[in-house]
Amino acid sequence: MPEKPKGDGAFKLTYATMFDPPEELHTRFETALKEQKAALGREYGMLIGGDEAHSSEQFEDRSPINQEWMLGTFQKGGEAEATRALEAARQATHTWSRTPWRERVAALRRVADRIDERVYELGAATALEVGKNRMEAVADVAEAAALIRYACDQMEANDGFVVQMGQDPLKGFSAHNLSLLRPYGVWVVISPFNFPAALTGGPVGAALVAGNCVVMKPATDTPWTVRLLAECFHQGGLPKGAVNYVTGPGETLGEGLIKSPLVDGITFTGSFNVGIHIYRRFAHGKYPRPSILEMGGKNPSLVSRNADLERAVSGIVRSAFGLQGQKCSANSRIYVEQDVYDQFLTKFVEATQAIKVGDPTDRAVYLGPVINKNSYRDYKNFTEKLSQSGTILTGGQQPSPYFLDRVQGSDFDVTVLLAPDDTLRTMDALDALYARTRFSGQRKLARAIELVGAHVDLAALSG
């Protein structure tokens, strides 16, 4: 990852620093984007047991930026492919789980280094496949490497999680107690479309460094980014079968993974409904198995009269409209104290109107399309429904580029509305829509805080 001196430190691209990158990042991204566009349309196999694997059916991966851009053809795996990948992972556990933890750390650090080397290649693919702007796309990939290194750091900081416990004071006996981190075995990672690099690479890296073997399944909309990431894991020198990559629909391939008795643990990031389904399905095994489920949020902000309104507006706009609002951290409700309500609202609408919408690979564009036609349909439906119970303050009238056959021109808008909180709070959706409510006084503040979590059926579970 290129670095640039900045003050007494060096520049490192993250979600916090991506708004002021050095020129080199733009130059290298443009080069990688050109190379990726020139190579579109390849067929990619699954990676099972270290080998390419093909299924009888395939599906096309097309860009939400322009449906004429066929990014690649991928395998439409099912239950049979799920079983093959799990069996390959199970076989690899005999070697990988017995590999000394320091060697596992070294291998995963090589993977992180390889991701850094290919960060612009993967970043360009992510921008084309997800519709992220260039800095969000490159930051997603850079975060994958950072999360892998964090897992390695924790192993080293805790000496492999080998802990000498106290000795039992038993007369005539010498008792020794040792706490050891042991791998579960085969771990499944089902990652989301919105962070295909970070939320695949992070969980996979953590599972691997602890001695587990992994089967990774990307969202159907983002098989390309995860395929390139899987190649980085293979290039790190892990044994065959330690990391397996499979593609296909959730109702066949995904179900085959979560219902299999070969699975010892699972990590899922996605919708509440799918996450709860996995949680319940996974609990039907013969014994308890760990599951880590991140299922989004419906996030509010509270803006008081003491707030720095310029910073509040900047932070909320970035949170709300980054990645078109398609992320669990997207702020979608605002509670504003009466004294600063009108002033805040004016600034917020002005900042929203200044957002440039279009092809997100363009340097000047901040907001691109939503991921697919279903998301675009939801956006239009929500706009219509909320316009009947609230007031649209900006946007909502012109054709928007959230999903068209291609994104072109600049006559697009972002929708901001004033709507009853009950209406928006019960919508389980990822979209660039916004509602705000005013409050005044301590009692109203307490009520606003109460409303923050009321009736929001979204959660994170770890069991």
Hey, can you grab everything whose amide H is under 5 Å from the amide H of Val303? Only 5+ residues off in sequence or another chain; H modelled, so Pro and N-termini drop out. Tyr335, Val336, Glu337
Under 5 Å between amide H atoms, partner at least 5 residues away or on a different chain: which partners does Ile392 have, H built in plane at 1.01 Å? Leu418
Whole-Hz Karplus ³J(HN,Hα) for segment 225-238, in order, using 6.51 cos²θ - 1.76 cosθ + 1.60 and θ = phi - 60°, x for Gly and Pro? 4, 6, 4, 5, 5, 4, 4, 5, 5, 5, 6, x, x, 6
What is the sum of charges, Lys and Arg at +1 and Asp and Glu at -1, for the other residues whose Cβ falls under 13 Å from the Cβ of Glu81? -3
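Run through every distinct alpha carbon pair of segment 245-391 and return the Kirkwood hydrodynamic radius in angstroms, one decimal place. Intermediate results must be reported in sequence, preceding the final value.
Working: mean 1/r = 0.0537 Å⁻¹.
Kirkwood hydrodynamic radius for segment 245-391: 18.6 Å.
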Sorting Phe282, Phe195 on the 10 Å Cβ count, fewest up front, what's the list? Phe282, Phe195
For segment 349-365, take each phi angle, set θ = phi - 60°, evaluate the Karplus expression 6.51 cos²θ - 1.76 cosθ + 1.60, and give the result in whole Hz per residue in order, putting x for glycine and proline. 5, 4, 5, 5, 5, 7, 5, 8, 10, x, 5, x, 7, 6, 4, 7, 8
tail above 23 Å in the computed P(r) of segment 128-243, as % of all Cα-Cα pairs, reads 40
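Where a number appears in this text, it was derived from the coordinates with a stated rule and is not lab data. Owing to the predicted nature of the structure, the values given are computational and were not obtained by experimental measurement. We place every Cβ from the backbone using ideal geometry, glycine too, and count neighbours over all the protein chains shown.
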